[in-house]
Structures are given as structure tokens and as C-alpha cells.
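Asker: Have a look at this one.
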Amino acid sequence: MKAPSIHILSLPKTILAGVLLWLVCTTPSFSQLRFHGLGRTVWQSQTLSGNALQGDSTSDRKTMQGYALFDLRTEYRFKDKINLLVDSRVKNIIGGFGGVGASVQLRQVLVEGRATRFVTYSLGDIDVELSPFTFSNPVDTGAQVLGSVFAIRRNVLRYENFTTGNARRTMERQFHYQGNQSSTIHDYWAQVNSWRMRGGKLQFRIPLYMDDQSLKALLFGVTDRATHSFSGDFPYRIGGRLSYSADVNQHGFHFFGNGVRFVTPLTSNGKNENRVMSGGTNFWLSFPKIYLFGNMEAGSSHSQWKTDEPLINPNRDDYFLHSKLALSWKNRISVGAGYSEVGPYFESPGAQTMRLTGNAVPSFFSFVGNNQLVRNQGMLDRIGSETIYNQSLSVFRQVFLPQYELVFPYSVATPNRKGFSLSSTFLDQEYQFDKIMVSAKADFYQEILGTGVTDRRDFTRFHAIGITKLNRFFHTRGAWKLNVGYRFESSERGGDLPVDFKVNSWEAGTTMEIVRMLDLMIGIKRLNAKGNEIYNNINRFNEIESYRPFTMNQTETLIGTGLQLHITGECFLMVSGYFNRVKSSERLSTWNLNQFYTNFTYEF
Amino acid sequence: MGKSFVVGRYGWILVLLLAVVPAYVLAQKQAPDSVFSYRNTTQGLAQKWLKKIQDPTQRNFWVNGIFNPYLINRNLASGYADTYGGLSSLSFAPYPNLLSPTVNTLQPTLALSFGGLITENLSFAVDYGFFYNYDSDKTHRVDFSSQNNLVANLILTKSWGIFDFRAGAGVMPIHFSSLTLSNKYIRDPLFDRVPWEYHSNSANRYSSNFQSTGFSPSLFNKTGSQGFYLQATDLPGKLEAKVFYGRTQLNLFPSEALAGTPSAIAAFRLVKNGSNENQMGINFYHNSSWADRVKSFHDLRIVSSIDGKWNKGQHHVKGEAGVARLENPKAGKTTDYGAWLKYNHDSQVLPFGIQVFGMGKNFVCLENEAYNSNPLYQQGGILSDSTYNNFLFPAYLNPAGTMANNRIGIDLLVEKKIRNLSVAVGHQTSRELSASGNVISFPHMVNGYSRSRFTPWQQYTGPYGRIGNRFRMSLERFFLTQDADKIKYMSATFVDLKYRFPTGRRFSYLTSYSSVGSIGTSPLQTNFNLESGFLRTIFQEAELMISVHKSVYLVGYAGWEWNKASQKTQLSSENGNPLNQTGSGYGFGIDFEIAEYTGLYFRHRWMEHTDKSFVLDHFKGQESVVELKISF
């Protein structure tokens, strides 16, 4: 068993911490010193049963884990010029007493400030985002959760992976949908799309003659958060964005150009160098009842693999283009349409790295088949397993699970796609909903090049969500919310190697305040994935080497129920149970997982 | 491990110090009114802020703590071959850290509690414990180990007027009732300074001991736990409630617990309060373990009990009765009963107390106050390694005033304080309910704490595999060769004398503790005639604490024990004689209160143990302990 210990600080963090301490001790006339924090105790126990354990005498059937952690953030602001953030964590695993299984960790360190009137900088653990095709943490559509009983679990993982805020640095407990900064149309599909990286960035804002115009630039140089050693080769990413925007009487436009360069050393000697450039524009026209928004972006990628074998240095170039137009009436009803085309060899690690890794080992019941086979992920794993979130950007095409991500497994930047999208949203009030909100999206795409054959796949995706505040209809004293969602994805191809794979998924969740401060939460998610598809076996240069046909007939159900006691706005106690049933035609993939979960969280 | 290891592991501390020291000096050198002066630097203002937050009248955050390093130097001229660290060793913690990281030292070198107010009625506290241990085998100079451990405990107190809620993975002490969640009684000589000594200075400590009664329950009658704990007081109808869901350190052996083997306790207590501190309570304890994650061996313990106390004038009655349901692969499914009843009479002439108890052999709850004699239920679950089962006391010669399962017994305590003299006499006679077999056990009363460091936490140690070491005590078990199938009777008697006398402006104390115990097959044997029984033990201890200065106590200790078994027990292969042990301990020490809440404590002990029959059972040597304790 691994000995518990204080995690050794990495050298750069040590130096940075020392510099910070120097600054703290000597800097005169400090403006503000604040402490924030979060404490959480989690306890979960689960059982596994089903055909996946048939003939299995060694894999776990019952396990239990838990921890208590305390994050303390020290925020020091000097004259509104420098902001220092140091997050430290003490974590204790439940099970060991008196210190066994405990650790201390410097969770994040950030220095940000204003160098001059026009230049701001950030050093340390920073968030980086450009555009969905250049540098963006993709939307997690497969595990789109709406019910609170599931959302609380997923938000714990988002907090652990720092995807809780982009511009803001607060430790949010709940994710609040935030609107697109370039549009007043509320985008309820938006998630936090930045990657937490380690490095630095400079932002320039150059004022122009007119106050309503601005020229902005962003430069960054970062490495992956999971990088611990800076000796020898380590991955680094540099890039930037240049933008010009003007807004006159609520009409405006925004021109931008993005560029990013990835250098990633390979485990087998060599490295990958990737460059993605793009340019585009947003425009908006705002009238008393009508709001029009448009977005266009186009770009290219160049990817080169450099190895020690002189004849094996593949390189590829390709393009993408994307456009979208949306119209909103009184900000209550909005419709949109778009067209997107991504070349088959378009490679953009910053945009195509998956948020959740399909072949990651679940953190509980990791193995079945006498501990020989990794258990396939289920919906409960995707909202509750810390090991599944990606910590590093990947230049390799990662394994995806078609039942959760079929059409765009690598985000909208998925290569070899072209097609158009439609979307619409309805709110019962302007800018927000009082009783009901409905939003739907439909995507109709096709492969640009056939994979292994000349025939091309046709993709269809439809996704709809509805949120209603039932207390408005039934006039209950307490809050009562109902969320429903539906997702359909299909992949079809005729010809010599036909493909026909369909995924139907629906979910519903309700949260009801049964007495003051006490919520009852119930949620259900159900998925059916059926048909035949073909996996592309990718070699170390992202080239398709072979094909593996498979047939899947999987039905999955996840039910969650729980109680949440809101002790204060920043403090809650949650007790819940989850029942995940997976029935699959694949070998050792049928199992039942029941979990009892308690979570006590407070923030200050 | 060498210099590079030390630099690599602790270099970050050096970097921080290098940054802090010149920064501090630089700030100090500035003119007082300069913007760069210390007062106006961040550090200086932070100091002001710290003082402010520690001011109770302006408290939003607070920091408390205890810094408590130890130095224990042991030199044994002769001893057991399996003594950890060898006969001569140096340790920086009360218990040496075994090579296995799964066993911890229990005593934090530095314990910090950081807390604050989230809202007017909502406060939190986070406890950090830094354990630093460094052991060396001075003989071989090869066994160096150091380990830094932390404990994190989160406590949130919500004052709606009634609720106190805690959730943590460090160690949360909790107490429900004597038969459910509590702790075992261990008598600690005043000479030994125990971990978590809560008295702020020696005068308070010795005074508190003088005031305590002879039937002192364990000072630590709480069990360490992890998980969620909710306590509600002043509920409507004069009710109180406690709810707990989590684990104790006895649920599973630590390595199994960390591996995630399911094992959890759910417990609650509901109390109805009446006048005169009368009280009635209902307790429920449910401990569900899966001894084997794959084969689903259920290791289940359920204890339900009701308890109460009633006070009227000089009469005080307390009691508890419960039923235990137990299940595991070795024991099957069983149900058993247990109860105790205590009556105290606060007579002006002669206060006395009587306690009766009875507990079936399958009434097992390892966290409660009763010593468990049933080997089918053990710490860590039934399939855990019994080498580390600290909670098996087979046919144990327990002290008067304590309980054990598979027993019925009666205790009598008489206690009288006459000015500066306190006299307590106690006696227990008990018998097994069913014959337990051919093993009996008894504690080593002299040098118990020091002995327990020889091979911490392990049972079946020593030259004959008879010694089991637990927290602060050492227990010896041996076999019977005759009458093993008979019901055993135990008898324990103690006389506790405490005398207080003034020296200058403070009191000094002289104490004497004497005990006699025996195990046999009839009450007459146990109480009057050893030779027909199995075992007799005699223990005598004297302690002197003299206040020589307002800040200084000199302490002295002398203890002896004689343990003699009869021919009905296992005989030595060396000479064919039964167990015949003598043990002694002499010591002196100094308590130096350097400042308020700061003390330096020195102890030196000479100890020896000999068995005339089992000649390998011998050790002799010395031990010095230096302890610094700073509370802030």
C-alpha cells in the first residue's frame, strides 16, 4: 500500500510560492487579504452484480470510499493591480485513522494583474479558451444532466477539474448556465469550455479613437496541468487571439483571428507539432423586438509527426469552416441555423480532446472478469467517477463511446463532417423563464470522405430539453422544478459495408422543496443504443489502420433519488441513492450498480 | 537515504524560509512611519489581523493548536528479541512508527484547529494533525524512517439552538452509551503522560486526579470515528438525539479499510430528560461489515439498548440493558443479552457504590466499555489478521468497576474524602457464564505504557508469544492445563489512596494504588486461596508529585507487580514450574511550566521484568522521555 505523504511541490510551484511569499511579506500598503474555502465530506458505498460477474471469484462486489477535504484559498489583492491566489488542500481518505491516507496539496496558484493600463497578465494555473475549433473544452452532450440529483454529482467532478468558471475564480457549487458573451441569446447548451492549463497569458486591450471600438489581443504559453516535470521534453502550447470589435447603438461586429501551436513529445521518440489558424467574425443587430446574431469562422490545421525513422514523418493539412445565424424575437423565441464543414484530416488537439475519456477506468468497480477486464463505463460513472475526466490535451484520437457521443465525439471540431444545424429556444418571459423553457437542436451531417469505402455515413442528431417551474403552475409554497430531455443520434451508411446505429436517450428530473430547506430530488435517465457500427483502429499517427465492426444492443437506466438539506446558501447535506442498470449484448457488460452517497459541503 | 533525499524532500521548506527571512528583516529595517515599515507591510498587517481574529470579541476566524514533540530514548540491557527498534532506540513519538505505513503513531506532533464563522450561527473548524516520527536503531544505525502524516477533520456547528453537525475523515470522538459507542477503561499512572493530555498544566492535572473518584471511567470514554455525526439538544419534549453514520477504527484493519472494503456503522441515540438530571435513552448500533468483498461474508453486529439514570437526594441509579444480534461465518447467527446497573449513595459518612452487570458471550460490541472475550468477533472483521486484534481479552482479569462479556459480576466501591486524604476501595467478583476455554489473560500493571512500545499493536509477541500490546497497556495470555472446561471466577480488589499536602502556595500529592486479582474456579479460590485456582496478581504503585516552585513539579514513581500462576497452568519447559513473574519500575521526573500553556516534561524510568519459570521472559533497562507541549 502506498505510504501516505505530503505531496512534494513541483519546482516551479515552489519557486512561485516563494516569490509570492516574498511579495506578501514586503509589499506595503496591501489592499485586501481574503480567505475563502470549501470543505467537503463524501461517503459512498456501492454494490455490483449481474452477468458481468458470472464465473468471477475475485472482482469486487462491494466497495466503499470516502474522503474529507478542505480547500483554503488565500486571495491577496494589491491596489487592484495584482491579484494572488493560492489554493491549498488537505485531504483525508476515510478508512485510515490518525493520518493514514492523508495528503496536503497546493491545488492552484495564480498571479494576475495589470501591468499597464492596457496590459493584463496571468501566471500559474490559468484557463484558456479560444474558439470551438482551436482551443476549447468540448460540450459533454452524452452526459448532459438536468436533474439536481445527478447535477450535484457532476458538479463535484467539475469542481475537481476546475471547469467551474471561466472568467470568474470562485468555487461554485452549482453550475449556472451563462450566456454567450457575444450574444444576448441565452445558450442553455453552454458549458464551461475552457481548459485549465499551467503557464501564462497576456491580454492587451488597445483603446481606439472611438470608445465603442476596441482592439484586443491574447497571447498564451502553457503546458498541460498534469505535467509535473519540466526537465527534458514536455508538452507545450502557445497561441493567441487578435480581435477587433465595434458596437454602435447595439449593432456591432467582431473580427477575430486565432492561432495555436502544439508541441507534444511522444512516448516513442519523436514529437508531434500541430498548428491551427482561424479567422472569423461575429455580428449582431439589435432592434426593439428583433435580435440578429451571426458567426462565421474558417481555418486550417497543419499536423506533423516527427520520428526517429526518417521515412515515417507523416504530415497532414486540412481546413474547417463554420457559420451560424440566429434570430431572436423579444428574447423569448429564438431560431438559428448553421453550416459546418470540418475536413477529414483536420487535427486540433485543443478542440478535439474529449472532456470525458471513453476508455478511462472507472474509479469504483474498475475491473470485472476476475479482475482481467476493465468494466465498461455507465452513466453513473460519467457523473461520479473522478478518473474519467481528461487532465491533459491529447494529440491522439481518443476512444469514444458511441452510446454517449456518436455524431460529434470530438466536439464540433470532429473531423470528416459536413452538414447543417438548426436550433430553437422558447422562454415564457424575456431573457429568462418564469414557468417554462424549451430548447431544441437538430444536426444533419455527413462524412466528407468514406472511411474504408466510398460510401459515406449520414449522421442525425436531435436534442431537446425542457425546464418548467411547477410551483408556478400549482402555486405550491416551495420551489418545484421539472426537467426533461431527449436525445436521438443515428449513424447510417448503405453500400458494401452498411452501418445502422441509433441511440435514443431520455431523462427527467424533479426537485421539490418539501419543507423549508429540504429538497426531494428524483431523476431518471434511460438510454437505448442499438445497431451496428465500425470502430476505426487508429495508429500512432492518427491514421486509420483497420476496422473493427461491432454490434451493440444496450439498454441503460439510471435512477437517482435523494434528499438535500440546505443548511445555508453555501452549505448543504445530501443523502442519495443511485441505481444503474446496464444490459448489453457485449461480453461482460451487463451489470447492476447500486450506490449510496452522502455529501456534506460548505463554502465560506 | 542521505543528504540528497533530505534536500529533495524538504528543500521546499528551505526555499520558503529563504524568502521569508530576508523579507522580514528588510521590512523591519524600514523607518517606522515609512510605507515600507513592518507595521504597514502585509506581514505586519497580517499579524494585526491574526491578533484581531484571535480576540474573542472580534472573532471571525481562529487558530488553535498544540505543538507536542516527544523524544523517547530507550536503553535495555536485556529484552525481547522482537522489540521494535532493537533494545536501544530513539523515537520522536509516543509510539514508534512501524515499517508498515498502515499503522500510525496516533499522537500528532503538531495539531492545528482552524475555524471560523460562516454566518452568525454557523461555524466551522478544520483540524490538521502533523505526525512526525523518526526512529533509529542505535545499535545498527540502519533503521531510519520518517513519515509525515496529516489528519483532516471538518466540523461544522450550526446553532439553530439545537443542532451540532460534524463530518470528518480524521478522528471524531463520539459517545453514545456504555453498551454501544464508548471506550474501554485503561488506568494510567500519573507518572506517564498520555497522549491527548488535556490539562493545560501539571497543577490542574494532579488536582483533577485527586478530585476524581475511584471508579473513574476512562477519561477517554469516546471512540474515534469517521463519518457524519449529528447531535441535537433541547428538542421539544426535553429530548436529545444523536445520529452517526461512518466508521470507527475497529471496523476494519486499516489497510482493508483504505482499500474500500465496505464496513459502516449506523447508530442513533434518543434521550428523554427529566428533572434532577433524570434521563432515559434508547440506543441503536448497527455495524455492517463485509469480511470478504467477493464471497459476501456478512459480519454483522446490532446492539439495541435502553438506558437511564435516576437521581433523588443521595441516591443515584444508572443502568442499561440491551440485546445484541450477531452474525458472521464463524459464529453463525446469535442473539444475546447484556445489562448493568449501578447504585451510588452519597452518604456523608461513607459514600459507596454497587454495580452489577451481566453480559452473554455473544454480546459483542468492540467499541463499548466491555472487554470482549469472544474470539469469533474481532477488530477488523472476522477474516482480518488476528495478529493485530487489539480487542480480544480472553478470560480477562479486568479491573474492578469494568465489565466483560460472558460474565456476571458485582462491584462494590467505597470512597471517602477526609480533608486532604482520599481513600477508595473497590472490589469485583465475577464469573463466566460459560466456560471459555483454556486461555486466560491479565494486564501488566507496571511499566504498561513503556512495554506497549516494544511491539506496538501486535499480539502473540515476546519470547513465548504470550504478550499482546495495545494502546497504553500490555496484556499477557497463557494456557490452562487443568480445569479448562470449568467456569472461571475472577476477583479484583484495589485500594487507592491519595494524599494532598501543601508545599508553599501549591499542593503536592502522594498516591498509592494497590490491587490484588485472581482467577480460579470458585469464589473462594479467587478471593482467598490462590493455589487451587489459576492466577494471582499483586500490584503496588506509589507516586509522589512535589511542587517545588510555582512552575516546577518533581515527580517520583515506584511500582511493583507479582504475577503467579498455579500448577494448573502451562509449565515452563526450562524448569517445569508455572508462571512466576515480578516486575518493577522506578522513576523520577520534572514538570517545568516554562510559560502559560507551555510545559517541558522529563521522565526517566528504570524497569525490570523477570519470570523465574519462563526465564526468557526477561527485560531490564531504562527509558527517558522528554516532552515539550505548547498550546496556543
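Asker: Apply the Kirkwood formula to the stretch A:387-499: the hydrodynamic radius equals the inverse of the mean of 1/r over all pairs of different alpha-carbon atoms; give it in Å with one decimal. All intermediate terms of the calculation are to be shown ahead of the outcome.
Answerer: Values: mean 1/r = 0.0585 Å⁻¹.
Averaging 1/r across every pair of different Cα atoms and inverting gives 17.1 Å.
Asker: Leaving out ligands, DNA and RNA, what percent of the accessible area of the stretch B:520-632 is carbon and sulfur, probe 1.4 Å? Could the numbers behind the result be given before it?
Answerer: Details: 3100 of 4790 Å².
Roughly 65 percent, rounded to a whole number.
Asker: Another question, if that's okay. Quote the FRET efficiency, to the nearest 0.05, computed for B:His345 versus A:Ser57 with a Förster distance R0 of 60 Å and r equal to the Cβ-Cβ distance. Display every interim value, and only then the final one.
Answerer: Working: r = 62 Å, r/R0 = 1.03.
Rounded to the nearest 0.05, the efficiency is 0.45.
Asker: Using a Förster distance of 60 Å, how high is the FRET efficiency between A:Leu518 and B:Gln482, based on the Cβ-Cβ distance and rounded to 0.05? Write out the running numbers ahead of the final one.
Answerer: Numbers: r = 65 Å, r/R0 = 1.09.
That pair, A:Leu518 with B:Gln482, gives E of 0.40.
Asker: Within a Cβ distance under 12 Å of A:Asn594, other residues only, what is the Lys/Arg minus Asp/Glu net charge? Please report the intermediate quantities before stating the final value.
Answerer: Numbers: positive: A:Arg61, A:Lys62, A:Arg581; negative: none.
Computed value for this residue: +3.
Asker: Identify the residues of the stretch B:480-518 with backbone N under 15 Å of a label point that sits 7 angstrom from the Cα of B:Ile418 along the Cα-to-Cβ direction, or state none.
Answerer: B:496-500
Asker: What's the ranking of A:246-253, B:600-607 by average number of surrounding C-beta atoms within 10 Å, highest first?
Answerer: Details: A:246-253: 13.2, B:600-607: 18.2.
Packing order, densest peptide first, comes out as B:600-607, A:246-253.
Asker: Non-local amide H neighbours of A:Phe541 (under 5 Å, H modeled in plane, Pro and chain starts lacking H): which ones?
Answerer: none
Asker: Another question, then. Which number gives the lysine pairs in the stretch A:452-604 that have C-alpha atoms under 30 Å apart and are eight or more places apart or on different chains?
Answerer: Values: A:Lys469/A:Lys481; A:Lys469/A:Lys525; A:Lys481/A:Lys525; A:Lys502/A:Lys525; A:Lys502/A:Lys530; A:Lys502/A:Lys583; A:Lys525/A:Lys583; A:Lys530/A:Lys583.
So the count works out to 8.
Asker: Just to check I understand the Karplus step: with θ = phi - 60° and J = 6.51 cos²θ - 1.76 cosθ + 1.60, what whole-Hz values come out for the stretch A:419-426, glycine and proline as x?
Answerer: Computed from phi, the couplings for the stretch A:419-426 are x, 10, 10, 10, 8, 7, 9, 10 Hz.
Asker: What is the calculated FRET efficiency for A:Phe444 to A:Thr568, with r their C-beta to C-beta distance and R₀ = 41 Å, to the nearest 0.05?
Answerer: Values: r = 48 Å, r/R0 = 1.16.
Step by step, r from the Cβ atoms, then E = 0.30.
Asker: Hey, can you find the accessible area per residue of the stretch A:315-465 for me, probe 1.4 Å, expressed in square angstrom? Intermediate values should be presented prior to the final figure.
Answerer: Working: 5490 Å² over 151 residues.
Heavy-atom SASA per residue in the stretch A:315-465 reads 36 Å².
Asker: Amide H neighbours of B:Lys488 under 5 Å, at least 5 residues apart or on other chains, H built in the peptide plane: list them.
Answerer: Hits under the 5 Å cutoff: B:Glu432, B:Ser436.
Asker: Give me, ordered by chain and number, the residues 5 or more places off B:Asn183 or on other chains with an amide H under 5 Å from its own placed amide H.
Answerer: B:Glu369
Asker: Between B and A, buried accessible area summed over both sides at probe 1.4 Å, in Å² to the nearest 100?
Answerer: On the way: alone 28880 and 27680 Å², together 50760 Å².
Answer for the B-A pair: about 5800 Å² buried.
Asker: Something else now. Please give the solvent-accessible surface of B:Val243 in Å², to the nearest 10, using a probe radius of 1.4 Å with every protein chain present.
Answerer: Rounded to the nearest 10, that gives 70 Å².
Asker: While we're on this one: Which residues of the stretch A:569-604 show a drop of at least 50 Å² in accessible area when all protein chains are present, compared with their chain alone (probe radius 1.4 Å, heavy atoms only, ligands and nucleic acids excluded)?
Answerer: A:Phe600, A:Tyr602, A:Phe604
Asker: Through the Karplus equation 6.51 cos²θ - 1.76 cosθ + 1.60, θ set to phi - 60°, convert the phi angles of the stretch B:412-419 into ³J(HN,Hα) values in whole Hz; use x for Gly and Pro.
Answerer: Once rounded to whole Hz, the list reads 10, 10, 10, 9, 9, 10, 10, 6.
Asker: Of all accessible surface on chain A at a 1.4 Å probe, what whole percent is carbon and sulfur?
Answerer: Taking all protein chains in place, chain A shows 58 percent carbon and sulfur surface.
Asker: Just the number please: accessible area per residue for the stretch B:224-358, 1.4 Å probe, all protein chains included, in Å². Write down the numbers at each step before the final one.
Answerer: On the way: 5930 Å² over 135 residues.
Result: 44 Å² of accessible area for each residue.
Asker: Counting only other chains, and only Cβ atoms inside 10 Å, what mean value do you get across the residues of A:47-56?
Answerer: On the way: counts 4, 1, 0, 0, 0, 0, 1, 0, 0, 1.
Neighbouring Cβ atoms belonging to other protein chains average 1 per residue here.
Asker: Given a 1.4 angstrom probe, what's the average accessible area per residue across the stretch B:564-618, in square angstrom? Don't skip to the answer; put the middle values down first.
Answerer: Working: 2420 Å² over 55 residues.
Here the residues of the stretch B:564-618 average 44 Å² of exposed surface.
The values are calculated or read from the model by the stated rules, or taken from the named source; none is laboratory data. Nothing here was measured: the structure is a model prediction, and the numbers come from that model. Don't worry about glycine lacking a Cβ; one is built from the backbone with ideal geometry, like all the others, and counts go over all protein chains shown. What goes into the accessible areas is simple: the full protein's heavy atoms, side chains included, and nothing from ligands, DNA or RNA. Shrake-Rupley method; radii C 1.70, N 1.55, O 1.52, S 1.80 Å.
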